[in-house]
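This report concerns only the one structure given below.
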Amino acid sequence: MRQCRHLMLLGCLALLAVSPRVSLSAPEDEYHELMQVFVDAFEEIDRNYVTQIDRKELVEAAMRGMLIKLDPYSSYIDSQDLQQFNEQVEQEFGGIGIQVTLDPKTRELMVMTPLPGTPAYIAGIKAGDRILEIDGQPTAEFVEGKEMESAVKLMRGQPGEPVKVKVQHIGSTDPTEVEVVRAIIKTPTVLGDHYQPDGAWSYFLDGDSRIGYIRLTHFSRNSTEEMEAALQSLTRDGMKALVLDLRFNPGGLLSAATEIADLFVEKGVIVSTKGRNTDEQVVKARKPGTYSGFPMVVLVNRYSASASEIVSACLQDHKRALIIGERTWGKGSVQNVINLEGGKSALKLTTASYHRPSGKNIHRFPESKESDEWGVSPNEGYDLKFSGEELQGYLEYRRDKDVIREKPAENAPKFDDRQLAKAIEYLEEQLKAPPAQDAAADKPKTEEKPKTEEKAEQPEAAEKKADEGTKEKASKEEASLKFLRQLPWRPAFTS
């Protein structure tokens with residue numbers, strides 16, 4: 001045991017010696033003393049605790065304990081959660097391509113909508129269908145929380161592998177067994193206003209003003225490519241103005257945020273980042289490929305965070321777009337994902353802060369007050385805050401509208417989207433004014449942009465304690481965070 005302890009201590013010291021994240025100014029013997037304390041405690045627990053403890057779990061608990069002392073966005077990602085984390089970043093996985101939920105009345109696994117072009121879509125699975133069995137296993141066994149996730153995992157798997165799904169089609173009394181071959185499912189992050197009958201998005205709002213509408217749900221690896229494709233389609237079809245909807249967008253890749261901001265800004269600073277052990281990095285816009293010559297509005301709300309704030313702040317500071325909605329979340333930090341155990345687990349660590357072009361602060365610190373400067377605030381006169389009831393109404397309306405249907409749904413939820421209505425009103429006024437510049441957009445960029453691997457990840461639930469002086473206020477924010485788990489265009493269960 002003593003030899004094991006010495007080996008552990010030497011291993012810890014070796015890691016500290018080669019790690020660039022350790023300050024070289026601290027005395028070397030201090031590291032030795034601190035690691036000695038850790039190893040001694042580990043040995044005592046391992047040898048003398050009343051019951052046997054898994055050593056790996058003990059080390060992982062120690063890591064999580066260290067991270068508690070840091071900010072809410074730094075975390076340890078174990079091997080079980082790493083795949084899900086990577087899928088969120090990459091927005092792709094092996095599956096059949098349906099979004100499912102639990103029917104609140106029947107408690108059955110119900111299809112919200114198939115994703116266009118996926119195996120499930122081609123197999124004829126439609127919104128409202130019930131999934132009764134997956135490879136012979138009844139889904140009635142999986143009806144709550146983690147259990148429901150287990151049902152979804154049965155439909156996921158290696159591309160090319162078949163899965164048998166027993167489906168109760170809507171309007172039919174006899175279940176049908178369908179064999180679907182799994183494929184790589186790419187979850188889109190750029191969405192339009194509504195689906196057309198052929199499964200393609202319509203990126204125009206209703207009316208004759210030719211106002212384009214793009215929803216960006218997350219900043220993933222493919223978001224820039226998706227955004228450019230949508231903009232090319234809009235410009236070909238005569239777009240005169242644009243609404244970029246970043247409401248409920250929790251962030252994602254820093255590189256995707258800077259690339260998307262660059263699509264709308266011809267010159268100047270997009271964002272700057274600075275860390276303790278890194279020089280300041282300044283990302284500047286380039287003119288080639290900029291989509292300009294049309295008025296633009298960005299919609300944000302209290303759940304627009306991180307990468308969403310980079311884009312909205314950049315467009316606001318450069319006066320490229322008007323910001324309408326609510327003050328954003330207030331996350332001005334960047335996380336690096338550092339692989340551990342040869343890629344079996346990872347450390348998500350805050351390594352830098354980012355700053356908007358104007359230099360104004362974005363980050364909402366735990367001690368920040370409502371009167372302090374943080375987040376991205378709507379332009380003067382365009383601050384339209386939704387109540388909790390309105391937020392719920394919007395989510396239900398959006399969830400219903402994001403279903404592929406052959407004909408309009410009867411008794412579809414209605415919602416007065418005051419924020420979008422204000423955006424349309426503003427843009428229509430701008431279109432009546434004499435144009436300030438040529439309305440023709442430049443050709444899309446073809447040159448490769450430098451990419452960074454930092455991740456401006458979505459806010460964690462621990463951030464709810466920021467700006468709370470009372471238990472009542474903390475309770476309200478905790479309740480409001482539940483909306484993030486109900487995003488209609490990115491349901492919690494996609495297979």
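Here is how the numbers come out for the structure above:
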item	result
Test: residue in region 373-388 that is touching a helix residue (DSSP H, G or I) at 6+ places or on another chain (Cβ under 6 Å), in a loop (DSSP other than H, G, I, E, B) and surrounded by 18 or more Cβ atoms within 10 Å (Cβ to Cβ)	yes
Top-ranked residue in region 356-372 [being among the polar types (S, T, N, Q) and surrounded by fewer than 16 Cβ atoms within 10 Å (Cβ to Cβ); ranked as nearest to Lys274 (Cα to Cα)]	Ser358
From Val100, Val37, Val18, Val89, residue being at pLDDT 75 or above and either loosely packed, with under 15 Cβ neighbours inside 10 Å or more than 30 Å from Arg221 (Cβ to Cβ) (or both)	Val37
Lone unmet requirement of (1) over 20 Å from the mean Cα position of the chain (by Cα); (2) at pLDDT 90 or above; (3) farther than 24 Å from Asp208 by Cβ; (4) not hydroxyl-bearing (Ser, Thr, Tyr) for Lys422	(3)
Counted residues, region 287-301 - those being in contact with a Gly (Cβ under 7 Å, 6 or more places away or on another chain) and either part of a loop (DSSP other than H, G, I, E, B) or free of Cβ contacts under 8 Å to residues at least 12 places away in the same chain (or both)	1
Among (1) surrounded by 13 or more Cβ atoms within 10 Å (Cβ to Cβ); (2) among the charged types (D, E, K, R); (3) at pLDDT 90 or above - the single one Glu177 does not satisfy	(1)
First in region 403-426 and touching a residue at least 40 places away in the same chain (Cβ under 8 Å) and polar (S, T, N, Q), second anywhere and assigned to a loop (DSSP other than H, G, I, E, B) and surrounded by 15 or more Cβ atoms within 10 Å (Cβ to Cβ), Cβ under 6 Å, 6 or more apart	Gln419/Leu384
Pro357 in contact with a strand residue (DSSP E or B) (Cβ under 6 Å, 6 or more places away or on another chain), assigned to a loop (DSSP other than H, G, I, E, B) and either in contact (Cβ under 8 Å) with a residue 24 or more places away in the chain or not hydrophobic (A, V, I, L, M, F, W, C) (or both)	yes
Residue match in region 118-130 (condition: in contact with a helix residue (DSSP H, G or I) (Cβ under 8 Å, 6 or more places away or on another chain) and not in a loop (DSSP other than H, G, I, E, B))	no
Pairs where the first residue, in region 322-348, is more than 24 Å from Ile362 (Cα to Cα) and the second is outside any strand (DSSP E or B), C-beta under 7 Å, 6+ apart	Lys344/Ser79; Ser345/Asp78; Ser345/Ser79; Ser345/Leu82; Ala346/Leu82
Qualifying residue in region 192-210 (condition: closer than 28 Å to Arg156 by Cα, surrounded by 15 or more Cβ atoms within 10 Å (Cβ to Cβ), among the aliphatic types (A, V, I, L, M) and in contact (Cβ under 8 Å) with a residue 40 or more places away in the chain)	no
Conditions (1) assigned to a strand (DSSP E or B); (2) of a type outside the set (Val, Ile, Thr); (3) crowded, with 20+ Cβ neighbours inside 10 Å: number failed by Asn249	(1)
Test: residue in region 222-242 that is in a strand (DSSP E or B) and at pLDDT 95 or above	yes
Qualifying positions in region 270-285 - touching a helix residue (DSSP H, G or I) at 6+ places or on another chain (Cβ under 8 Å) and modelled with pLDDT of 95 or more	Ile270, Val271, Val283, Ala285
Selected residue (only one of Glu373, Glu410 is in the same structural domain as Met296 (by TED's automatic domain parsing) and more than 21 Å from Ser308 (Cβ to Cβ))	Glu410
Members of region 252-279 found to be surrounded by fewer than 22 Cβ atoms within 10 Å (Cβ to Cβ) and assigned to a strand (DSSP E or B), listed by number	Val269, Ser272, Lys274, Gly275, Thr278, Asp279
Single unsatisfied condition, Glu133 versus (1) modelled with pLDDT of 90 or more; (2) closer than 30 Å to Ala409 by Cβ; (3) assigned to a helix (DSSP H, G or I); (4) of a type outside the set (A, V, I, L, M)	(3)
Residue in region 293-301 that is buried (at least 24 other Cβ atoms within 10 Å of the Cβ), farther than 16 Å from Leu253 by Cβ, in contact with a His (Cβ under 9 Å, 6 or more places away or on another chain) and assigned by TED's automatic domain parsing to the domain that holds Tyr394 present	no
Filter pass, Ile324 being of a type outside the set (D, E, K, R), assigned to a loop (DSSP other than H, G, I, E, B) and in contact with a helix residue (DSSP H, G or I) (Cβ under 6 Å, 6 or more places away or on another chain)	no
Test result for Ser312, of a type in the set (S, T, N, Q), surrounded by 23 or more Cβ atoms within 10 Å (Cβ to Cβ), within 19 Å of the chain's Cα centre (by Cα) and assigned to a helix (DSSP H, G or I)	yes
Residue ID - farthest from Val89 (Cα to Cα), chosen from residues in region 252-271 that are under 17 Å from the mean Cα position of the chain (by Cα) and small (Gly, Ala, Ser)	Ala261
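The values are calculated or read from the model by the stated rules, or taken from the named source; none is laboratory data. Quick caveat: nothing in here was measured; it's all calculated off a predicted structure. Heads up, the Cβs are rebuilt from the backbone with ideal geometry, glycines too, and the neighbour counts pull from every protein chain shown.
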